[in-house]
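Q: Got a structure for you, questions after.
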Amino acid sequence: MRARRIGLSVLAVAIALVFVFPTYWMFASSLKPRGEVLSTSYDLVPASVTLQNYATALLGSDFLRYLGNSLLVTLTAVACSLVAGTLAALAMSRFRFRGRKGFLMLVLIAQMVPFEALMVPMFLFMRDLGLLNKLPSLILVYWITTLPFTIWSLRGFIDGIPMDLEEAAMVDGCGRAEAFRRVTLPLLGPGLVATSVFAFITAWNEFLYALIFMRSEDLQTLPVFLKTFQNAFGTDWGATMASATLFTLPVLVFFLAVQRKMVSGVTAGAVKG
């Protein structure tokens, strides 16, 4: 057993290093001078450190404007997705009605459709609504693309919460809506957090729709901002890596803020006698 545990620990560390190494390389490259970034040597630790790349990313561009656009679009889309997804998931989990299974199948199919397949119809739809080159178009797109997973995921979490708890609250005088708000919603916290993390990352990293729908530079998001360091003379990889590092910080902060809530099984023992 001891050898098995050691083997599994070594395997886990190896897998973790595979996933962490690209992030470390990005951060290390962001601290290297331009000449060292383009060097053919692969030094794990930078021979010399400079913050010039971060100065270029922050002071030599409109990074904060792009950051504001990304935060506005992403947080609004995630909030809308959680509200609509929670209500839809509650209906799917707690009620039985005609067409329920068909709706669940449509949700699953919508989740499997690639974003690129929806590009042309979404573009024409936004054009007809007059929303092209406006941030609400991105909010709507990100809401639509994250909603299927939100519904499917939250339905599973709600199914795991005993309905007896809501029924007991209704016996004590609560209405159905109040029973959900007072009993089910607090227990749904980990599910909401896990789903919001996925939706946040999906919307935060999206590039193609932001590039095509937002023609004005004032309205573009951070993923589009990363390509601004490319020009006719090549790519400023140091500034690109510094911008990419700054790009990951909001996601990291968001995850660290909610990671304590991402624990399953909070309903264990909730039905004590």
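The values are calculated or read from the model by the stated rules, or taken from the named source; none is laboratory data. The structure presented is a predicted model; accordingly, all values stated were derived computationally and were not measured. Methodologically, a virtual Cβ is constructed for each residue, glycine included, from the backbone with ideal geometry; neighbour enumeration extends over all protein chains shown. Side chains are part of the model used for accessible areas, which takes the heavy atoms of the whole protein and leaves out ligands, DNA and RNA. Shrake-Rupley method; radii C 1.70, N 1.55, O 1.52, S 1.80 Å.
Q: For the stretch 86-141, what are the residues that are over 21 Å from Trp204 (Cα atoms), touching a residue at least 12 places away in the same chain (Cβ under 8 Å) and open to solvent by 40 Å² or more (accessible area, probe 1.4 Å)?
A: Leu108, the sole residue that qualifies.
Q: In the stretch 7-18, what count of residues is obtained for those that are of a type in the set (Gly, Ala, Ser) and exposed (fewer than 10 other Cβ atoms within 10 Å of the Cβ)?
A: Of the residues in the stretch 7-18, 1 are of a type in the set (Gly, Ala, Ser) and exposed (fewer than 10 other Cβ atoms within 10 Å of the Cβ).
Q: How many of the residues in the stretch 38-55 are at pLDDT below 85 and out of contact with any Pro (no Cβ under 8 Å at 6 or more places or on another chain)?
A: Counting residues in the stretch 38-55 that are at pLDDT below 85 and out of contact with any Pro (no Cβ under 8 Å at 6 or more places or on another chain) gives 11.
Q: Keeping to the stretch 142-155, report how many residues are touching a Gly at 6+ places or on another chain (Cβ under 8 Å) and either among the aliphatic types (A, V, I, L, M) or surrounded by fewer than 16 Cβ atoms within 10 Å (Cβ to Cβ) (or both).
A: 3
Q: Let me ask something else about it. Any residue that is open to solvent by 70 Å² or more (accessible area, probe 1.4 Å), touching a residue at least 60 places away in the same chain (Cβ under 8 Å), out of contact with any strand residue (DSSP E or B) (no Cβ under 9 Å at 6 or more places or on another chain) and of a type in the set (A, V, I, L, M) - is there at least one of those in the stretch 19-29?
A: No; the residues of the stretch 19-29 include none that is open to solvent by 70 Å² or more (accessible area, probe 1.4 Å), touching a residue at least 60 places away in the same chain (Cβ under 8 Å), out of contact with any strand residue (DSSP E or B) (no Cβ under 9 Å at 6 or more places or on another chain) and of a type in the set (A, V, I, L, M).
Q: Right, another one. List, please: which pairs have Cβ atoms under 7 Å, are six or more places apart or on different chains, and start with a residue in the stretch 161-172 that is under 19 Å from Met92 (Cβ atoms) and end with one that is of a type in the set (Gly, Ala, Ser) and part of a helix (DSSP H, G or I)?
A: Glu166/Ala179
Q: Looking at the structure I just gave you, is Ile161 more than 17 Å from the chain's Cα centre (by Cα) and surrounded by 14 or more Cβ atoms within 10 Å (Cβ to Cβ)?
A: yes
Q: Kindly evaluate Tyr66 against the criterion of being over 28 Å from Leu138 (Cα atoms) and modelled with pLDDT of 85 or more.
A: Taking the combined requirement at face value, the residue does not satisfy it.
Q: Let me ask something additional. Does Val83 qualify as being among the β-branched types (Val, Ile, Thr), without any contact (Cβ under 8 Å) to a residue 60 or more places away in the chain and closer than 30 Å to Phe213 by Cα?
A: Here the answer is yes, as Val83 does meet what is asked.
Q: Something else now. Which of the residues belonging to the stretch 118-146 are closer than 20 Å to Leu71 by Cβ and of a type in the set (A, V, I, L, M, F, W, C)?
A: Leu131, Leu135, Leu138, Ile139, Leu140, Val141, Trp143, Ile144
Q: How many residues does the stretch 247-272 contain that are surrounded by fewer than 16 Cβ atoms within 10 Å (Cβ to Cβ) and at pLDDT below 75?
A: 12
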